[in-house]
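Shown next, in structure tokens, is the structure this report addresses.
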Amino acid sequence: MNNAFSPRPTTNGHSTLSLFALFAIGTVLALLGSPVRAQIALAGNDAPELAPPGPMAVGTTITTISIGNRTSLTPNGPAVATRAVDVRLWYPAEGERNNAHSITYTHTMTRPDIGELTIEIPGIAEENIAPIQGSFPLVVVSHGYGNWATGMAGLAENLASKGYVVAAIEHVDHPFGKDIPQLDFANVVMRRADDQRGVIKGLLALQQANETPALSGLDRNAIGLIGFSMGGFGAVATAGANYDIQNSSLMSMPLPEAAVNAMNAKLPNEQQPDAVILMAPWGAQAPFRVWSDSALSDVTAPTLTIGGDHDDVSN
């Protein structure tokens, strides 16, 4: 375990949380189903010891990170444009939790069979309240294909209440099959790790420039990465494992050479994740396996992989 990944004590004497506790919370909340109208950061009376939220109030805000000029696949061929993603931040905040002021996360998804469906999830965070002073590890969260950033708000709020700055990426996946399914999926494959690396770089740059109060306590030397499903697919590469570009699955996609090279870009050593959690990561099963054994051996950060033995998508 990397002791540097535990939150530093703050001037208010808040207790620390070890990396093992982060892993445990991730495991618990990944396995617990949550009804739409429930405070997903809270835990029931029968929950494991580390599941309830910590003592800190939680603030939340949104920032936008520019990834730079990137290639996208369109029905008319490759196109280059500036890519930017929104990032939802959660952070330890001043004061005590006040449920009367807490946020409700809203997301609207379109389903061919039922039309538009609006999901509302009450949280425990308050928007744009002042952060507390301290030194807090950064945890970047990357959602699955077709999911959205606040779909993992329960985990993010829980971690922030225990002394972490959490950043969930809004990847804005093009719905599968909206235009050409192969293009939609290939764009997601190209972007996942690239988005993760760009967000880590962008958040560290914002913190250094002192432009975002929510990042003022971010510990630049303690970076965690949580990826669910397609987010896990990206996280393996972000953690250092090159994709096997000759893999038949990748070869079947219309990936431009420049985009393929970008998929295997590396973060500078000081920005690489110090801990990784992979929740049902896609990309390891036959015939889609996109990493060699030697590539996976390049992942040196402590890593927890969570999989389901009845998972028929990321088996």
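Taking each residue as 0.36 nm, the span from SER292 to LYS201 lengthens on full extension beyond its C-alpha to C-alpha distance by 30.1 nm.
So for region 92-174, averaging the separation of alpha carbon pairs under 8 Å that are six or more residues apart and normalising by length, what relative contact order in percent results? Rounded, it is 29 percent for region 92-174. In plain terms, the bigger the Kirkwood radius, the slower the diffusion; for region 185-311, with that radius from Cα pairs, at 37 °C and 0.692 mPa s, Stokes-Einstein puts D at 215 µm²/s. Here the contact order of region 170-315, divided by its residue count and restricted to Cα pairs under 8 Å and six or more residues apart, works out to 27 percent. Taking 0.36 nm per residue of sequence separation and removing the Cα-Cα distance, the ASN210/VAL313 pair yields an extension gain of 32.9 nm. Residues whose amide H falls under 5 Å from that of TRP282, counting only those 5 or more places apart or on a different chain, are SER229, MET230, GLY232, PHE233, with hydrogens built in the peptide plane.
Using r as the Cβ-Cβ distance of ASN76 and SER252, and R0 as 22 Å, what FRET efficiency do you calculate, to the nearest 0.05?
0.60
Rule-based calculations on the coordinates, nothing more; no lab input. Keep in mind that this is a model prediction, so the values were computed, not measured. Counting neighbours? That spans all protein chains shown, and the Cβs are built from the backbone with ideal geometry, glycine included.
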